[in-house]
Amino acid sequence: MGSERRVVITGIGVVSPNGVGREQFAQALAAGISGVRRISRFDPSEGRVHIAGEVVGLLENGYISPKDRQIVARTVPLSIAASEEALQDAGLNPAQMDLEARRGVGVVLGSGGGSHEFTEEQYRRYYTGQLKRVSVYTVPSSTWGALPSELSMKFGFRGFSHLISTGCTSSTDALGYAFQNIRCRVTDTVLAGGADAPLAPLILRAFEMMRVLTSSWNHAPGRASRPFSRDRDGFVIAEGSWMFVLEELEHARTRGAKIYAEIKGYGSTCDAYHRVRLDGSGEEPARAMRLALEQAGKRPEQVDYVSLHGTSTVLNDRIETRALKLCLGKHGYRIPMSALKSLIGHPQGACGAAGVAATVLAMRDGVLSPTINLDEADPECDLDYVPEIGRHRKVQTALCNCIGFGSKNSALVIEKYPTADDG
């Protein structure tokens, strides 16, 4: 196998509730602008929850034809839009690549809900007497594994084309999978990230039945997502896509690519505890973070910043705080951490990629996004969550944490790549 290779991020693309496009997203993060709003895709008034982190302003027809849009899930135009921006940012034009070059690009997408929204609509048509309107592509377009195929077909990439679906950790695991494949010489370039679009009536009702969504802030959507706050009572469901171009370091250097950051380590564990609830000890999330740090060759005291999972549920926030203390020890009290979900809601399997995008942009700009709506912290959540206002801070090494249904825990270690401005 030879020595393990280094993996860098050379392109970022974003479709987020608080900003369509990488730079709009970065500006919204720095300013603490929420993308949570009343749902416009359908009338939510029959249920208890009327709000979500909904993407607005994306012209889907600019990325997929109206005819094709009728036969695919919303995750497809979301992921194509973010992927196009990431590829352009990386200086890669698929149309100018020869066959051999396109065979060298893999695709791996993380998605927790995949195509549920599309499938739900087909069932709705069937059960309301609209059988003729049910898509002949219901089976292939309801198959989650078809999502990365849509990206491969769009750009002509002939490398592996895989879907990782591990709940909320899906896109963190997708990035970890891409990292491992480049590191172990399977390929030089991977288009990787996450997309989810769970905004549909039945999906929303099902989450309501689980009692994990907040219904207390329909009157003030931007105040609804409240990670680590004493009065939090559930998360805000959301959608979006965050995509990256990952490359082997020398491959990126040879073609003169701009390099944002390097992925240094990945760790993943399972509590093996419950379908939904987390093990209260926090031991396995802590171990996932330690594994990532060990692979990165980093000590806890070298971490400058943590991108938190921070869902805004009572148990998750307390257990994540506990896990960070187990992993980082006293150093955990000395470094800033922030919860992106306070600004965008919870985009399910895409949330890990969202956190990585926010972290890399914070490294680039030297501004940490705040955890908004943290009026009064839970006494059991006593770390530095960068409350309310963004903070100017240079970050060299960051830990991006993710926790999911089914007792899943995954983490990535990201390191800023040196530039001329770093002296």
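The values are calculated or read from the model by the stated rules, or taken from the named source; none is laboratory data. Only a predicted model underlies this, so the values are computations on that prediction, with no experimental measurement involved. Quick reminder, even Gly has a Cβ in these numbers, built from the backbone with ideal geometry, and neighbours come from all protein chains shown.
So the values come out like this:
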read-out: Verdict on Glu320 being acidic (Asp, Glu), outside the structural domain of Met210 (by TED's automatic domain parsing), under 22 Å from the mean Cα position of the chain (by Cα) and modelled with pLDDT of 95 or more; value: yes
read-out: Unique residue being farther than 21 Å from Ser16 by Cβ and either at pLDDT 95 or above or assigned by TED's automatic domain parsing to the domain that holds Arg183 (or both) when the list is Glu100, Glu150; value: Glu100
read-out: Residue check for Ile403: buried (at least 24 other Cβ atoms within 10 Å of the Cβ), touching a Ser or Thr at 6+ places or on another chain (Cβ under 9 Å) and either in the same structural domain as Cys168 (by TED's automatic domain parsing) or under 15 Å from Gly167 (Cβ atoms) (or both); value: yes
read-out: Residues that are surrounded by fewer than 23 Cβ atoms within 10 Å (Cβ to Cβ) and farther than 26 Å from His392 by Cβ, drawn from region 287-315; value: Arg287, Arg290, Leu291, Glu294, Gln295, Gly297, Thr313, Val314, Leu315
read-out: Residue match in region 2-11 (condition: under 30 Å from Leu249 (Cα atoms), of a type in the set (Gly, Ala, Ser) and within 16 Å of the chain's Cα centre (by Cα)); value: yes
read-out: Region 236-271, residues that are among the aliphatic types (A, V, I, L, M), within 17 Å of the chain's Cα centre (by Cα) and not in a strand (DSSP E or B); value: Val236
read-out: Any pair with Cβ under 8 angstrom, 6 or more apart, that starts in region 128-155 at a residue that is of a type in the set (Val, Ile, Thr) and ends at one that is part of a loop (DSSP other than H, G, I, E, B) and surrounded by 14 or more Cβ atoms within 10 Å (Cβ to Cβ); value: Val136/Ile71; Thr143/Ser115
read-out: Region 208-231, residues that are outside any loop (DSSP other than H, G, I, E, B) and over 14 Å from Gly345 (Cα atoms); value: Glu208, Met209, Met210, Ser229
read-out: Residue match in region 129-137 (condition: buried (at least 20 other Cβ atoms within 10 Å of the Cβ) and either assigned by TED's automatic domain parsing to the domain that holds Gly240 or modelled with pLDDT under 95 (or both)); value: no
read-out: Answer from Asp233, Asp271 - the residue that is of a type outside the set (Val, Ile, Thr) and either farther than 30 Å from His116 by Cα or not assigned by TED's automatic domain parsing to the domain that holds Ala174 (or both); value: Asp271
